[in-house]
């Protein structure tokens, strides 16, 4: 280009915006002016400034410069793109190197700790299928279902794997949850408690309510309250959370039992079998006393039992598998079904079961006994079946059936109750099982209390009583009317059975010590049922008893003495005697049956000998060089709820017993007693209303070794009432209208609810 042309070329035009401080550089581009703006970062209004464009026709003779500018801009843009791509590649390379270095460093740290890289334990239950080209996992096959089972799609994580285990293999999923927690779970010696996190709150509520997970009423309530704004978690999600809570509950029990075993104390168990609606469950509960002498009751297993025969072999196997799973001994079976290791029975102190022959046979190698409430019920049934008495109770069932089927008859009865100043009520039905008698006792109680109304009903409604519609048994009301003699039999029977009912109420507790109450309560009951002991009812001595009642009472007395004293095996009697000796209220055996009906021998001396033998053989420590003086302050005690042991044993005609003393701890030295056993013998007898757990909590400091022995013997249950209560919850979750829950889901729901 000539120099004159260059000199004549106008300079670049730069103008200031009127509304801002940014400079606008104008160059010609194409058919219009091209703008390049250099904005002032501090100019807020600059973005709205008016721009001035220079049209191309105003720049004649600059076509070559404009073309050169465009080429340079294209080259600059291409160079910038290459630079950006190069920077991205370099950043990716550095990131990969950093990740590799971090992984190598992490592996090095884990190797130093002796640990391997963390991997989900869910993979242990699955085979993987990979794509041949990409070598990526496309599906998995469950090992527990077998190699021919349907493949499970793999979504990139283990959620599908965990869902499959939770739905099809609940026990494996619970074990997976326990193994994944590992050392994260804090150990403790409490068998109960634990708040559900927010993620498991619906599951925790379902467990607390003991309702099926697909309960229609529950879904309707949710829909009505939230009107679609909140959708509860699905069935599979709830079940998965329940299994996680069950695993946590199982860990709590295992940790508590591990602490117990470290102290050298063995737990006791109770069990029974429940079946209803096509399913069967074998329930096992474990009992122990902690260091504070708090009695704990926890579920070991609610074993699904519908696919096996209910014989002794299967019961024994299921018991050992469940106990070993909780850390109570070891039980290992080889591939050839031969037992390799079996230490479960050696790690259980005592068992309690019902009187069925199958469970008695299955638990034959354990030290234990039948449920005392069941044994006492069998004795009472002998009374209810006695001649003369059975006829009266059969009539009560017939009268009850009449008032439950006749609407007019029940209304007339309520009118008679009102005229007799009695509360309107209906007679309770006797729904007792083969070994139950609680319903019969409630029934006779009701009829005695409403005797005036019943007799008024018979007088004022003779036509109704004579022509009433027949009961389901085919008889009419007049066939069941009680005559005066039969009313006397019912009154006397209620007075006799009241003592047995009180005894059962005291023995079926699961929140306080019961093993030490068996011999005192049953022995005192035998004394009260003896033919030479007057019968008390309504606060006064009864008149001469009816001959049929006398005969039935003698049958009841002989049956109790036979079951508990004459035919009681020494191995069973020994546990109860030692537990009674370790109860500070009963250690001197000052109840009458000892010298009258216990095989004619001095059972008190035998009990002390058994206790001394157990102390010397298993619990007595080596002698210390210095026997220090220890003083423990007294504390305020709790008393056993009514009816109390003291009130049951307190009779004005009872032989003089040792004077009770208040709960306190005394001071001992080596000169006064040589060991804990001698110190305990020197202590005064505790009052009948003192809770033995409170007594031992105070005196455990001065009798530390004997306190451990007491924790083992006093924790043994005298009944299976806890198992029966667990079965009541099973019946609530699986009834005629609710049959969606499987045995496995019920088992883990109970595990989470009871532990």
For the stretch 495-612, please list each of the helices (runs of 4 or more DSSP H) lying entirely inside it that holds at least 2 residues being over 20 Å from residue 686 (Cβ atoms) and at pLDDT 90 or above.
-> 547-561
Mind checking which helices (runs of 4 or more DSSP H) fall wholly inside the stretch 626-740 and carry at least 3 residues that are modelled with pLDDT under 80?
-> 645-649, 721-733
Within the stretch 422-434, identify whether any single residue is farther than 20 Å from residue 477 by Cβ and surrounded by 14 or more Cβ atoms within 10 Å (Cβ to Cβ), and answer yes or no.
-> yes
Exactly one of 79, 172, 111 is at pLDDT 75 or above and more than 30 Å from residue 301 (Cα to Cα), and that residue is 79
Over 27 Å from residue 448 (Cβ atoms) and crowded, with 19+ Cβ neighbours inside 10 Å - does that describe any residue in the stretch 354-361?
-> yes
Quick check: is even one residue across the stretch 263-277 part of a helix (DSSP H, G or I), within 30 Å of residue 708 (Cβ to Cβ) and modelled with pLDDT of 70 or more?
-> no
Note: among 95, 129, just one is under 60 Å from the mean Cα position of the chain (by Cα), assigned by TED's automatic domain parsing to the domain that holds residue 175, surrounded by 10 or more Cβ atoms within 10 Å (Cβ to Cβ) and at pLDDT 80 or above, namely 129
Any residue at all in the stretch 297-317 that is touching a strand residue (DSSP E or B) at 6+ places or on another chain (Cβ under 7 Å) and over 23 Å from residue 368 (Cα atoms)?
-> yes
Tally the residues that are farther than 19 Å from residue 424 by Cβ, out of contact with any helix residue (DSSP H, G or I) (no Cβ under 6 Å at 6 or more places or on another chain) and either at pLDDT 80 or above or surrounded by 13 or more Cβ atoms within 10 Å (Cβ to Cβ) (or both), restricting the search to the stretch 460-470.
-> 1
In the stretch 139-158, residue nearest to residue 122 (Cα to Cα) [restricted to those that are touching a helix residue (DSSP H, G or I) at 6+ places or on another chain (Cβ under 8 Å) and part of a loop (DSSP other than H, G, I, E, B)] = 158
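The values are calculated or read from the model by the stated rules, or taken from the named source; none is laboratory data. Because the structure is a prediction, the values reported are computed rather than measured. Reconstructed Cβ throughout: ideal geometry from the backbone, glycine too, with neighbour counts over all protein chains shown.
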